[in-house]
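Enquirer: Next up is a structure, given as C-alpha cells.
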Amino acid sequence: MAEIVVITGLSGAGRSGAAAVLEDIGWYVVDNLPTSLVPTIVELASKPVGGIDRLALVSGRNHDDLLPHVAQLRGDGHHVTLLFLDASTASLTQRYDATRRRHPFADDASGVRDAIERERLALERVKEQADLIIDTSDLNVHQLKDRIVTAFDDVESRRLQVAVESFGYKHGLPIDADIVMDVRFLPNPHWEEALRPLTGHDPAVRDYVLERAVTSRFLDRFESLLVELLPSYQGEGRTYLTIAVGCTGGRHRSVAVANELARRLGEHGVAARTTHRDLHQPI
C-alpha cells in the first residue's frame, strides 16, 4: 500500500512550497489535484508497474469531498497523512499584496481579507481532521523546509514526532499546538536588568529559570505526565504532537523550559525537536 500525504490548507499558506520539499526528498508529487481525481491517482500509483510508494497530493480549490476521499483511502489500507498549511490573515494578506495574485474566493468577497476569512471558514472541518498543522505565518522557506523534512523524510519509523515550541502570550497562541503549558508563574528574568537583553539560550538566563526549586518540581511532574501520555497519543494513531510552552514575551522562561523539556524527553527515547517562535521579537 502507498504512503500518502494529502496537502491542503489556506491559499498562500505554502502548499506548493511544501510539495516542492517533498519532491526534493523523493516523494512523487501531484500538484493542484481536483479532489474527485484522488482515488484514480492513488489507484494508478499503487499498481506494481507504477513503482510509486510515496505519493504527495496537493489538493486543488474544491475541498468539499476531500475528507470522504481520505477516509476511503484509509479504509483501503493506505497510510494517509492529512497535512494542513495555515497562516494568519495578516500574513496571507501581505503575501497577496506582494504577489498581486487573485484569491480563489475573490468573486464572492469584498476584498482580500474577506476572501481569506471565507476560505478559512470553508476549510474549518478539514483543519479539524488534519493530522499535522503547520502555521507558516512566521516561517521563511528554509524553516518550512526543515519542518517538512523533519515530519516526512523518515516515514518508515512511524514514531510519534514531538515538537516543543516556545512562544510569548503577548504575541498570541500558536495555532498548531496540541498541548499548551503556561510558565508565567516562574520568576521572570525580564525584570533583571543584566538578563533582559539575553534569551533562554544564554546560560545566565537558563540557570536563573531552571535552578529554581519551583521550576524543578514543575518539570519533574510535567515530564512524568508526558512520558505517561505519549504512548497513548501514539496508540490513538497520532503521528505528530506539538507541545507549546508560553511565557509573556517568548524570549526567556519559555525558551529555557522548552529546551530542558526536549532534553528530558530525549532521555526517554522521544525525538523531540525545539522551535522558538518569538525568540527574536523586540523586548
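Computed from the coordinates by the stated procedures, all read-outs in this text should not be read as laboratory data. Computed from a prediction, not measured in an experiment: that's the story for all the values here. Note that we place each Cβ from the backbone using ideal geometry, even for glycine, and neighbour counts take in every protein chain shown.
Enquirer: Longest exposed-loop-site-free stretch of the chain, with trypsin sites (Lys or Arg not before Pro), DSSP loop and at most 14 other Cβ within 10 Å? Don't skip to the end; give the middle numbers.
Expert: Working: sites that count: R61, R100, R101, R102, R158, R159, R184, R212.
Longest site-free region, per DSSP loop and neighbour criteria: 213-283.
Enquirer: Report the one residue of L261, L144, S91 whose Cα lies farthest in the direction of the positive end of the charge dipole of the chain (charges on C-beta: Lys and Arg +1, Asp and Glu -1; origin at the Cα centre).
Expert: Working it through, the farthest residue towards the positive pole turns out to be S91.
Enquirer: Along the range 187-197, what does the Karplus equation 6.51 cos²θ - 1.76 cosθ + 1.60 (θ = phi - 60°) give for ³J(HN,Hα), rounded to whole Hz, x for Gly and Pro?
Expert: Working through the residues one at a time gives x, 9, x, 4, 7, 9, 4, 6, 9, 4, x Hz.
Enquirer: Two decimals is fine: what's Rg over Rh for the range 161-276, C-alpha atoms, Kirkwood radius as Rh? Numbers along the way, then the final one.
Expert: Working: Rg = 13.9 Å, Rh = 14.3 Å.
Using only Cα positions, Rg/Rh for the range 161-276 is 0.97.
Enquirer: Report, by chain and number, residues whose modeled amide H sits under 5 Å from the one on E3, excluding near sequence neighbours (fewer than 5 apart, same chain).
Expert: R54, L55
Enquirer: So who's got an amide H within less than 5 Å of the one on S11, skipping anything under 5 residues away but keeping other chains? H placed 1.01 Å off N, in plane.
Expert: Under 5 Å from the amide H of S11 lies no amide H from a residue far enough along the sequence or on another chain.
Enquirer: Which ³J(HN,Hα) values, rounded to whole Hz and listed in residue order, are derived for the range 167-172 from phi using the Karplus coefficients 6.51, -1.76 and 1.60 in 6.51 cos²θ - 1.76 cosθ + 1.60 with θ = phi - 60°, glycine and proline given as x?
Expert: Once θ is set to phi - 60°, the couplings for the range 167-172 become 7, x, 4, 6, 9, x Hz.
Enquirer: Loop by DSSP (not H, G, I, E, B), at most 10 other beta-carbon atoms within 10 Å: where is the longest site-free stretch of the chain for GluC sites (Glu not before Pro)? Walk me through the numbers before you get to the answer.
Expert: Values: sites that count: E193, E211, E236, E267.
Value returned for the longest uninterrupted segment is 1-192.
Enquirer: Can you check how the C-alpha radius of gyration of the chain compares to 2.2 N^0.38 Å, as a plain ratio? Kindly include the intermediate steps, with their values, before the conclusion.
Expert: Values: Rg = 20.5 Å, N = 283, 2.2 N^0.38 = 18.8 Å.
In units of the globular-protein estimate, the chain measures up at 1.09.
Enquirer: Once every DSSP H run of n ≥ 4 in the chain is given -39500 (n - 2.57) and the sum is divided by its residues, what mean residue ellipticity at 222 nm do you get, rounded to the nearest 500 deg cm²/dmol?
Expert: Details: 10 runs with 114 residues, N = 283.
It comes out at -12500 deg cm²/dmol, rounded to the nearest 500.
Enquirer: Which residues' amide hydrogens lie under 5 Å from the amide hydrogen of A244, considering only partners 5 or more residues apart or on another chain, with H built in the peptide plane?
Expert: Counting only residues 5 or more places away or on other chains, the set is E165, D178, I179, V180, M181.
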